[in-house]
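**Q** The structure follows.
The values are calculated or read from the model by the stated rules, or taken from the named source; none is laboratory data. Worth saying up front: this structure is predicted, and the values here are computed from it rather than measured. Heads up, the Cβs are rebuilt from the backbone with ideal geometry, glycines too, and the neighbour counts pull from every protein chain shown. Please note that ligands, DNA and RNA were not included when accessible areas were found on the heavy atoms of the full protein model with its side chains. Shrake-Rupley method; radii C 1.70, N 1.55, O 1.52, S 1.80 Å.
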Amino acid sequence: MIIDAATSLDGFWADARGRSVMRTGDLQGSGLSGRLGDVCGAVVMSRRSFDLSGDPSWIGEAYAAQTPVFVVTDTPVASVPVNGPPGLRFLGSYAAAFAAARDAADDRAVLVVGEASALKAAMRTGEADEIWLRMTARTLGHGSALFEDDIPVENYFVSEMETTPDAVHMHLEKRIGA
């Protein structure tokens, strides 16, 4: 499982109003994470991340054709958006979404994108082998923290890093035995 996330210098993925530290357009093919679309066999995201984009067509453009996308939501969805990618499914829990994504991905990686709830759910499974993290050159002062005390980030090391005008992009890998 691979986590793709962004944070401000002071550790927030979103400001107090819930706006992501990175705009959707900034994420597509940006830095090291531009390679993620090639390695993922399925994508899991929160409903909030899905809705923040405003237009679900970006999902189909960001990942390889026919990549299944599983959106976790508490609210039942009446119908799948017309401009959403093929294979878009809405599920009621991260556990259900991770299980469905693992089945759909075959031998490829499950990619977890979006807000802190998705990252935390993935980290708590113990299956997150990699984190692709963008750190933007700004502070928010307050908002929604990306990492919390119960998230074992010390089990990861930076294996690769790249700087772009928008962010520092870090590829973190899980330590063997962690």
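**Q** Taking segment 103-142, which residues are open to solvent by 20 Å² or more (accessible area, probe 1.4 Å) and of a type in the set (S, T, N, Q)?
**A** Within segment 103-142, S117, T125, T139 qualify.
**Q** Can you tell me which residue in segment 1-59 is most open to solvent (accessible area, probe 1.4 Å), limited to those that are at pLDDT below 70 and closer than 16 Å to A116 by Cβ?
**A** Only one residue tops the list, namely L52.
**Q** Restricting the search to segment 136-163, which residues are among the aliphatic types (A, V, I, L, M) and touching a His at 6+ places or on another chain (Cβ under 8 Å)?
**A** V158, M161
**Q** Condition check: modelled with pLDDT of 65 or more and open to solvent by less than 40 Å² (accessible area, probe 1.4 Å). Does A100 satisfy that? Give the steps one after another, and end with the answer.
**A** On the way: modelled with pLDDT of 65 or more: yes; open to solvent by less than 40 Å² (accessible area, probe 1.4 Å): yes.
Answer is yes for this residue.
**Q** Oh, and also: Could we say that R175 is open to solvent by 70 Å² or more (accessible area, probe 1.4 Å) and basic (K, R) here? If you could, list the steps in order and put the result at the bottom.
**A** Details: open to solvent by 70 Å² or more (accessible area, probe 1.4 Å): yes; basic (K, R): yes.
The answer is yes for R175.
**Q** Would you mind stating whether L140 is of a type outside the set (V, I, T), assigned to a loop (DSSP other than H, G, I, E, B) and in contact with a strand residue (DSSP E or B) (Cβ under 6 Å, 6 or more places away or on another chain)?
**A** Numbers: of a type outside the set (V, I, T): yes; assigned to a loop (DSSP other than H, G, I, E, B): yes; in contact with a strand residue (DSSP E or B) (Cβ under 6 Å, 6 or more places away or on another chain): yes.
So L140 passes the test.
**Q** Just checking, how many residues over segment 103-120 are modelled with pLDDT of 90 or more and closer than 15 Å to I3 by Cβ?
**A** Of the residues in that region, 5 qualify.
**Q** Right, here's the next one. Can you tell me which condition L111 does not meet? The list is (1) farther than 25 Å from V72 by Cβ; (2) in contact (Cβ under 8 Å) with a residue 40 or more places away in the chain; (3) assigned to a strand (DSSP E or B), and all the others hold.
**A** Condition (1) is where L111 drops out.
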